[in-house]
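This report refers to the structure that appears directly beneath it.
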Amino acid sequence: MSLAINLKKFLVIIFAGVALTACATQVKKQTGMMQGDVYTGTETVEYLATGVKDRVFFATNKSVLTTASRDTLRKQAAYMRKQGDLTFSIEGHADERGTREYNLALGERRANAVKDYLMTYGISGNRLSVISYGKERPVNSGSDPLAWSQNRRSVTVKAN
């Protein structure tokens, strides 16, 4: 009898695992992303200059730059070096989850990570200002993994 009960428990666990995997696969098919993925698509990307994207994206609750982000920022730095008379503002953003205070702090960490990286490529800190909007200015007002990934970003804009 205990073998039959253990077998039933085992089958329930296997079935639950398969069902959860199917749900995750369905979300990925619908959005192209899994929760926590870093958005790298083009629907929300605009350009600081021709061929130079104005934004980089972050993982959930992170302010660490990805490889794709560093590549974009190297291009931004090259553009900024050519435009020595311009100043720039780096806007940090977060998705809707979390408190206002947490997301403002996270947005600031993201913007500062971008500023620090640009400075390592020769851009003077005097030309770069940082502002955090937290979750107050979403680019996608949805409440799903795709929207969240698009809102976890830093945007570089010309200040003058």
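Summary of values
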| quantity | calculated |
| --- | --- |
| Residue identified as more than 22 Å from TYR47 (Cβ to Cβ), under 16 Å from the mean Cα position of the chain (by Cα) and modelled with pLDDT of 95 or more among GLY134, GLY107, GLY92, GLY125 | GLY134 |
| Residue identified as in contact with a Leu (Cβ under 7 Å, 6 or more places away or on another chain) and of a type in the set (D, E, K, R) among LYS115, LYS62 | LYS115 |
| Qualifying residue in segment 138-152 (condition: closer than 15 Å to ILE90 by Cα, within 17 Å of the chain's Cα centre (by Cα) and surrounded by fewer than 17 Cβ atoms within 10 Å (Cβ to Cβ)) | no |
| Residue within segment 90-111 that is touching a helix residue (DSSP H, G or I) at 6+ places or on another chain (Cβ under 9 Å) and closer than 13 Å to LEU48 by Cβ present | yes |
| Whichever residue in segment 108-137 is exposed (fewer than 14 other Cβ atoms within 10 Å of the Cβ) and among the polar types (S, T, N, Q) and, among such residues, is nearest to ASN160 (Cα to Cα) | ASN126 |
| All positions within segment 112-159 that are closer than 21 Å to GLY84 by Cα, in contact with a helix residue (DSSP H, G or I) (Cβ under 8 Å, 6 or more places away or on another chain) and not aliphatic (A, V, I, L, M) | LYS115, TYR117, TYR121, GLY122, GLY125, ARG127, THR156 |
| Subset of segment 49-103 that is among the hydroxyl-bearing types (Ser, Thr, Tyr) and touching a strand residue (DSSP E or B) at 6+ places or on another chain (Cβ under 6 Å) - its residue that is surrounded by the fewest Cβ atoms within 10 Å (Cβ to Cβ) | SER89 |
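The values are calculated or read from the model by the stated rules, or taken from the named source; none is laboratory data. In this text, all values refer to a predicted model and were calculated from it rather than measured experimentally. Note that each Cβ is placed from the backbone with ideal geometry, even for glycine, and that neighbours are counted across all protein chains shown.
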